[in-house]
Amino acid sequence: MEVVTMLCYWGGTTCDGPDGINYSKAPKKAININRRIQFDELVDSIYLATSFDKQHHRINLICRYPSVGIGNVVKYIPLPIKDNDDVGIMFDVLRVHQEVSNIDLYLVVEDIDQIRHIEMESRNHEPVVLEAQRNNDNGIISDNEIEEEDGIGEEYDEEDGVDITQEHEPPHVDRGETSFNNNHQVPSTFTSIEETNVISDGNWTVSQSISKNDFTRELEKDSFKDKEELMRAIKLQCIKTHRQFEVIETRPTLWSIRCKLHLQSGCKWQLRANHINLDASLIAQETKHLIKEQPSIIVPALRAEIVDKLGYTPSYKNLWARKQKAIEQVFGNWEESYAALPKNFGALQKFNPGTIVEWCVSRSTDAKQVEFRRVFWAFVPSIKGFAHCRPVISIDGTHLYGKYTGKMLIAMGVDGNNQILPLAFAIIENESYDSWNWFLSYIKSHVVKECEGICLISDRHLGILKFRNSELKALAYRAGSQNQVRKFNSIMEEIRKLNPQARQWLERHPLDSWTLAHDSGRRYGLLTTNLSEIFNSVLKGARFLPITACVQLTFYRLVHYFEVRRPSGSSARTNGNAYTPQVVVKQVALMSKASAHSLRSFNREKGIFELIAQRGKNVQVVNLDKKTCTCSKWEIFKYPCSHVLSVCAKLSLNSWQYVHKCYSIAEYCSTWVSEFSPLPHEVYWPQSSSRQLLPNLKLLRNKKGRPRSTRLRNGMDIKEGKNEYLCGICRQSAKG
């Protein structure tokens, strides 16, 4: 169970700083939260940890979310947490941004009793005489009457913001002591509130000013997040000021009212509330700069930007569609992107010599045109850097969700500090034996080359889905991650008792392909494709981009990795560090454990010792001459285990001599020493082939709207304690 530390802030205010949103006070509470927690459970946990009472306080959650901007500078923005999707995005921060160790959560605490008191006070100002007026149909319209009259129940879209404009100024207005400010700046989301002068009437008190500021001062605001908030404010204000009105027109984006006594008194007062012209073009314009800076930006982050700038909260579906429009404005449409792809690759090859590009196209009926099938690309700095990494390659694939379907394949290496090194990419029509063989053949010829003993880690086999059981899933993972054969055998016996067919299925696969205990250390302790899935998540937003923009994102993301990690290595070398921080932390932790072991020497010259663990149960044998320990951790991870460290301390030996060279700062620096060259203006790019590249029409996505996720779930995705499928009526399992 993975636990995340969450720092909770309240009692202060949010403020802008150099790195984005900050809080005026220090965190008041730190709580540990399971990453699988649901939104309702999270809220309950926060109420429990903060001691706020649900009956008297309402807590709104805002996450301090890192958004990558210009120059890959991280700027924090407010991300409201309102449902399970928002919770999942919040936890993705720790996976995508490895430098973030905890989550900052700002709590907006509202006193429910105080809110109710204010509302009651507003209602208590209503004179008793108005009851008689209501009975004569001349009084103030009650809340219920307005709801029935304007019929907003069916039409009202709660996500539409509104503005207020009052009309029909009478010609006899007295402007004696007031002035109309025509230059008043209004919010970009809403037009101004402008009250037409209201004629005095014996039944109620009226304002003699036509300045919109008088009416907005009465309402204490001049913009509203939605129609419901507007209507409530107007109704309460009319109750307080003894005004009578009737609804003229109501639509999802319009609410128009006038004086109810206009026939008797000739009053010309009207108020018209319109939603601003927040159409697709405006949303695209307001979000275009963010998408240009960070194509992978998520929709909730865009929504937070719209709320911050315009005070309007668009729906997820609406904003997703507008994001696609902005993508086309920034990166061009998909057909143009395919046509521009060869020229883009030509520029990469010219200005970054050694860049590998391999095409697979099919002929078109026109000799000047070819149809896209596949493309493979890799950059020289990555290829050179891999020679200094662990000899392990992790491969994975991700779906493309743009106008055209397909898959993007990724090959990853891992440096001595446990950081990913993207090695090669490909875009293919679909996953098949032929397409994977095509991709891996180029990995072999362009990346691996003459290197021997490379370990390839691929995605988990779909066959594990045959056994949809959370306990089996946990046991299978434990079996694969055990470093000792005896422990592996013990867990396999547990699997046999639980499900004999599951054990037989596991044993049909070569043990050295999925277990640490039998792989002779070829994995360097890397068990799954988690590392490639990290980079996969970084590219997630790019999957919606046109193909050329997707390729460009891989280039600039690699530039960022090298630019950040190159100086880190140089700084560590200057400080005299010999090994990477990741392995140093591991060794320091193991050294404290090693001091508790008991040793018995069998051959001091060869370094053969018997060790009894701290608890006195486990016995291990170390042989420094053969570089082995029966716990197998030294062989698997390529750095000394606690037993080896204990022997080295006994013999006064430098234990760092037994750490593999891939963990050294020298190798780390060599991994990231290469440089990329920037691309100049497009006019300096070489001309591409005379043949035009066309998209594969067979991959054209037919349905409009956001594509449904097509990620293949595997055994590790089964959630604990969840029913497989439940009937919506009887709540029984589909298997029943």
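Solvent-accessible surface (1.4 Å probe) assigned to Glu328 amounts to roughly 90 Å². Can you give me the Cα centroid spacing of segment 37-68 and segment 627-644 in angstrom? That distance is 45 Å. Pairs exceeding a 19 Å alpha-carbon distance, out of Lys350/Lys449; Lys586/Lys633; Lys350/Lys407: Lys350/Lys449; Lys350/Lys407. For Glu493 and Ser445, a Förster radius of 41 Å and the Cβ-Cβ distance give a FRET efficiency of 0.40, rounded to the nearest 0.05. Subtracting the Cα-Cα distance of Asn437 and Ala666 from their residue separation scaled by 0.36 nm leaves 79.0 nm. With the charge dipole of segment 660-703 set up from +1 on Lys and Arg Cβ and -1 on Asp and Glu Cβ about the Cα centre, the Cα lying farthest toward the positive end among the listed residues Phe676, Ser689, Asn702 is that of Asn702. Taking each residue as 0.36 nm, the span from Arg701 to Leu254 lengthens on full extension beyond its C-alpha to C-alpha distance by 157.3 nm. For the residues Lys28, Lys473, Lys368, a 1.4 Å probe over the protein chains yields an accessible-area ranking, largest first, of Lys368, Lys28, Lys473. Put a plus charge on the Cβ of each Lys and Arg, a minus charge on the Cβ of each Asp and Glu, and nothing anywhere else: the dipole of segment 1-84 about its Cα centre is then about 140 debye. Based on the alpha-carbon gyration tensor of segment 628-685 and its eigenvalue square roots a ≥ b ≥ c, which shape applies: rounded if a/c is under 1.5, prolate if not and a/b is larger than b/c, or oblate? In terms of gyration-tensor shape, prolate. Keeping all protein chains in the complex and leaving out DNA, RNA and ligands, what accessible area do you get for Asp366 with a 1.4 Å probe, in Å² to the nearest 10? Counting only protein heavy atoms, Asp366 exposes about 70 Å² to solvent. On the basis of the beta-carbon distance and an R0 of 45 Å, Ser101 and Phe351 show a calculated FRET efficiency of 0.75. For Met591, the accessible surface of its heavy atoms amounts to roughly 80 Å² (probe 1.4 Å, protein chains only, rounded to the nearest 10).
The values are calculated or read from the model by the stated rules, or taken from the named source; none is laboratory data. In this text, all values refer to a predicted model and were calculated from it rather than measured experimentally. Note that we place each Cβ from the backbone using ideal geometry, even for glycine, and neighbour counts take in every protein chain shown. Ligands, DNA and RNA are excluded from the accessible area calculation, which covers all protein heavy atoms including side chains. Shrake-Rupley method; radii C 1.70, N 1.55, O 1.52, S 1.80 Å.
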